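Q: One structure, pasted below without further comment.
The values are calculated or read from the model by the stated rules, or taken from the named source; none is laboratory data. This structure is a prediction, so every number in the text was calculated from the model and none was measured. Please note: Cβ atoms are built from the backbone with ideal geometry, for glycine as well, and neighbour counts cover all protein chains shown.
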């Protein structure tokens with residue numbers, strides 16, 4: 001009898017500890033001042049008080065023509081976002097867009113870089129001009145050494161021998 005009573009008491013204790021099936025969970029206590037909640041992302045760390053100059057050089061090479069180079073530069077604070085938008089209208093928008101988000105880590109720079117570049121052959125006319133439109137898009141996560149240029153991409157046109165390469169230099173400005 002004592003064993004049955006102890007088993008019944010143990011079962012009652014276990015049931016009392018489990019929440020009822022339809023019961024709402026207990027609310028978490030509010031965090032103390034200055035304390036982060038575990039279920040939220042930690043606050044974004046402030047960047048260093050330094051800017052980074054990002055130079056992006058696009059080199060477009062086509063058979064029988066001199067290479068065409070375009071350089072876009074922008075200066076962005078550490079751990080911030082920057083972008084450059086340039087566009088023309090020629091059978092639709094012809095963009096040259098750069099997005100950059102640098103993070104200084106010692107003497108290196110972590111850089112998230114996005115590029116959208118469109119080229120239309122100036123020598124083509126009429127319908128051929130519209131068909132000559134080529135788009136080049138890149139989204140890259142890079143680690144660069146301060147002030148050193150790195151070739152980060154090179155692509156081949158799927159319809160011709162055209163090649164587009166991308167070189168990036170990130171320089172910490174203190």
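Q: Among the candidates 135, 122, which residue alone is modelled with pLDDT under 95 and assigned to a loop (DSSP other than H, G, I, E, B)?
A: 122
Q: Right, another one. Go through 140, 173, 115 for me and flag whichever is surrounded by 15 or more Cβ atoms within 10 Å (Cβ to Cβ), modelled with pLDDT of 95 or more and within 20 Å of residue 55 (Cα to Cα).
A: So the residue among 140, 173, 115 that is surrounded by 15 or more Cβ atoms within 10 Å (Cβ to Cβ), modelled with pLDDT of 95 or more and within 20 Å of residue 55 (Cα to Cα) is 115.
Q: Further, regarding this structure: Checking the structure you have, find out if any residue of region 143-155 is at pLDDT 90 or above, more than 18 Å from residue 68 (Cβ to Cβ) and surrounded by 17 or more Cβ atoms within 10 Å (Cβ to Cβ).
A: yes
Q: Identify, by number, the condition in (1) more than 30 Å from residue 46 (Cα to Cα); (2) surrounded by fewer than 15 Cβ atoms within 10 Å (Cβ to Cβ) that residue 58 doesn't meet.
A: For residue 58, the exception is condition (2).
Q: How many of the residues making up region 40-78 are part of a strand (DSSP E or B) and within 28 Å of residue 160 (Cβ to Cβ)?
A: 12
Q: Can you name the condition, by its number, that residue 37 falls short on among (1) exposed (fewer than 10 other Cβ atoms within 10 Å of the Cβ); (2) at pLDDT below 65; (3) on the phi < 0 side of the Ramachandran plot?
A: Exception for residue 37: condition (1).
Q: State yes or no: is residue 46 over 22 Å from residue 158 (Cα atoms), modelled with pLDDT under 90 and surrounded by fewer than 16 Cβ atoms within 10 Å (Cβ to Cβ)?
A: Spelling it out, residue 46 is indeed over 22 Å from residue 158 (Cα atoms), modelled with pLDDT under 90 and surrounded by fewer than 16 Cβ atoms within 10 Å (Cβ to Cβ).
Q: Scan region 73-90 and report the pairs whose first residue is closer than 13 Å to residue 118 by Cβ and whose second residue is assigned to a loop (DSSP other than H, G, I, E, B), with Cβ atoms within less than 6 Å and a gap of 6+ or a chain change.
A: Going by the 6 Å Cβ cut-off, the qualifying pairs are 90/120.
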